[in-house]
Amino acid sequence: MSTIPAIVLGGTGYVSGELLRLILGHPNFTLAGVMSDSSPGEIAGKSFPHLAGSLGATAFKSQAEIAALIAHEPGAAVFCAAPHGAAAPLIDALLKAAESTDTKPRFVDISADFRFATTAGYEAVYKHAHGAPHRLAQFTCALPEHLKSAPTPHVAHPGCFSTSILLASVPLLAAGWVEPTLFVSGVTGSTGSGRKPVEGTHHPTRHSDLYSYGALAHRHSPEVTALARAATGIDADYAFVPHSGPFARGIHATVQARLKTARDAAAVIGMLREFYKGAPFVRVLDSAPRVKDIVASNYAHLSAAANGKTVAVMSVLDNLNKGAAGGAVQWMNRLYGLPETAGLTAPAPGWT
């Protein structure tokens, strides 16, 4: 099979860097272009020194150059890591360029711009008008573990916190084992806040500290609720308290709920294993999962505890990989009929 041209939008951020790393090692994708409208012409390796040896002379392209590339290259795989609000109008403009020459690219968007099925849902959370409402019907948002195939040409990735919460909670809801009120505590690494440092992500402030933010009001809670409803048909209530952790990469989420019928931990772990038996990137453990065991990989680890009345499911994953770039590559593999695991099976390095 000939290689597929891959394009990355939103070129200088952490997620873009992770996309580039995965594409450079992918057996079926060849990097055709990376866009940074703020740094066109600059050598991409300057922004990602760890990739400089592989990127070589690859330079960032402008939006106009990327539009011309998409209009010329048939069937390009386009990964969008542009920020919320900026992604939708950018994708719309590039799709228009592709439609003018019928090149039929596939997009996977990692922003929040296509996670909601309606403009009203998006605008209620993000407090601004959607940048391309006529494109919403062309995107499906779901975890690949919770949807066999996408019915649309393009996909929206649910995001890092949402991935960790949904992996832990959807099996509980789908099995009908819990009351539909779930309590979630999640801890994320500093890379989840983006590349530009602010007070909450500045190393002297965050180092050796742990604190909550957006308690019971985090903007991803409505997305989790909508995606859980789509996966299970249940309208669950998620009480979510996120925390900033003193590490760079990874998420640890704990989902607790009231059991409808007495169950022990072995029963819950067995149910999780059965639910994810066909999911190559989800491992269900007998012991508590650890962030170090999944950092820089596309794997998620789950485990559970139960006391007969309450169940807790613990979930760990890498926020930049499984929670963003890796999950996007996993979906793109599916969109092109490739093995779902292509380019994604490298284990975690350990001892990070």
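One residue stands out in the stretch 110-126 among those that are more than 14 Å from ALA81 (Cβ to Cβ) and among the aromatic types (Phe, Trp, Tyr): the one that is surrounded by the fewest Cβ atoms within 10 Å (Cβ to Cβ), namely TYR126.
Of the residues making up the stretch 219-230, not a single one is touching a Leu at 6+ places or on another chain (Cβ under 9 Å), farther than 21 Å from CYS160 by Cβ, open to solvent by 30 Å² or more (accessible area, probe 1.4 Å) and in contact (Cβ under 8 Å) with a residue 12 or more places away in the chain. Contact annotation: residue pairs with Cβ atoms under 6 Å, 6 or more positions apart or on different chains, pairing a residue in the stretch 29-56 that is under 18 Å from ALA76 (Cβ atoms) with a partner that is β-branched (Val, Ile, Thr) and open to solvent by 70 Å² or more (accessible area, probe 1.4 Å), are THR30/THR3.
Can you confirm whether the stretch 98-106 contains a residue that is in contact with a strand residue (DSSP E or B) (Cβ under 7 Å, 6 or more places away or on another chain) and not in a loop (DSSP other than H, G, I, E, B)? Looking through the stretch 98-106, at least one residue is in contact with a strand residue (DSSP E or B) (Cβ under 7 Å, 6 or more places away or on another chain) and not in a loop (DSSP other than H, G, I, E, B). Taking the stretch 135-183, which residues are open to solvent by 10 Å² or more (accessible area, probe 1.4 Å) and aliphatic (A, V, I, L, M)? Selection gives LEU136, ALA137, ALA142, LEU147, ALA150, ALA174, ALA175. Taken across the stretch 335-350, residues that are in contact with a strand residue (DSSP E or B) (Cβ under 7 Å, 6 or more places away or on another chain) and within 18 Å of VAL224 (Cα to Cα) do not occur at all. Considering only the stretch 5-53, state which residues are within 18 Å of LEU94 (Cβ to Cβ), of a type in the set (A, V, I, L, M) and in contact with a Phe, Trp or Tyr (Cβ under 8 Å, 6 or more places away or on another chain). Correct list: ALA6, ILE7, VAL8, LEU9, LEU19, ILE23, VAL34, MET35.
Is it the case, given these coordinates, that PHE240 is aromatic (Phe, Trp, Tyr) and either in a strand (DSSP E or B) or more than 20 Å from THR352 (Cα to Cα) (or both)?
For PHE240, the condition - aromatic (Phe, Trp, Tyr) and either in a strand (DSSP E or B) or more than 20 Å from THR352 (Cα to Cα) (or both) - is met.
When PRO151, PRO222 are checked against the criterion of being modelled with pLDDT of 95 or more, more than 15 Å from SER244 (Cβ to Cβ) and assigned to a loop (DSSP other than H, G, I, E, B), a single residue qualifies: PRO151. Of the set (1) touching a Pro at 6+ places or on another chain (Cβ under 9 Å); (2) of a type outside the set (Asp, Glu); (3) at pLDDT below 95, all apply to SER297 but (3).
Selection of first residues in the stretch 94-109 that are within 10 Å of ILE70 (Cα to Cα) and open to solvent by less than 20 Å² (accessible area, probe 1.4 Å) and of second residues that are of a type in the set (Asp, Glu) and not in a helix (DSSP H, G or I), restricted to Cβ pairs under 9 Å at least 6 apart or on distinct chains, gives the following pairs, ordered by first then second residue: THR103/GLU73; PRO105/GLU73. For the stretch 185-204, state whether one or more residues are surrounded by fewer than 22 Cβ atoms within 10 Å (Cβ to Cβ), part of a strand (DSSP E or B) and not β-branched (Val, Ile, Thr). Yes, because at least one residue in the stretch 185-204 is surrounded by fewer than 22 Cβ atoms within 10 Å (Cβ to Cβ), part of a strand (DSSP E or B) and not β-branched (Val, Ile, Thr). Could you say whether any residue in the stretch 173-192 is under 22 Å from ARG273 (Cα atoms), of a type in the set (Ser, Thr, Tyr) and in contact (Cβ under 8 Å) with a residue 40 or more places away in the chain? No, the stretch 173-192 contains no residue that is under 22 Å from ARG273 (Cα atoms), of a type in the set (Ser, Thr, Tyr) and in contact (Cβ under 8 Å) with a residue 40 or more places away in the chain. Summed over the stretch 321-352, residues that are of a type in the set (D, E, K, R) and outside any loop (DSSP other than H, G, I, E, B) total 2. Scanning the stretch 279-332 for residues that are in contact with a helix residue (DSSP H, G or I) (Cβ under 9 Å, 6 or more places away or on another chain) and polar (S, T, N, Q) turns up SER297, ASN298, SER303, ASN307, SER315, ASN319, ASN321, GLN330. For the stretch 257-273, the candidate set comprises residues that are of a type in the set (D, E, K, R) and closer than 13 Å to LEU172 by Cβ; within that set, the residue that is surrounded by the fewest Cβ atoms within 10 Å (Cβ to Cβ) is LYS260.
State which residue is least open to solvent (accessible area, probe 1.4 Å) when the search covers only the stretch 335-349 and only residues that are closer than 15 Å to ASN298 by Cβ and among the small types (Gly, Ala, Ser). Don't jump to the end; show me each part of the working.
The initial filter retains those residues of the stretch 335-349 that are closer than 15 Å to ASN298 by Cβ, namely 338-349.
Next, only the ones that are among the small types (Gly, Ala, Ser) stay: 342-343, 346, 348.
On the way: ALA342: 11, GLY343: 30, ALA346: 64, ALA348: 26 Å².
Checked the stretch 335-349; the qualifying residue least open to solvent (accessible area, probe 1.4 Å) is ALA342.
Among the residues of the stretch 245-256, is any within 23 Å of ILE269 (Cα to Cα), in contact with a Cys (Cβ under 7 Å, 6 or more places away or on another chain) and surrounded by 14 or more Cβ atoms within 10 Å (Cβ to Cβ)? Scanning the stretch 245-256, I find at least one residue that is within 23 Å of ILE269 (Cα to Cα), in contact with a Cys (Cβ under 7 Å, 6 or more places away or on another chain) and surrounded by 14 or more Cβ atoms within 10 Å (Cβ to Cβ), so the answer is yes.
The values are calculated or read from the model by the stated rules, or taken from the named source; none is laboratory data. Quantities reported herein were computed from a predicted structural model and do not represent experimental measurements. We place every Cβ from the backbone using ideal geometry, glycine too, and count neighbours over all the protein chains shown. The area values use the complete protein model at the heavy-atom level, side chains included, leaving out ligands, DNA and RNA. Shrake-Rupley method; radii C 1.70, N 1.55, O 1.52, S 1.80 Å.
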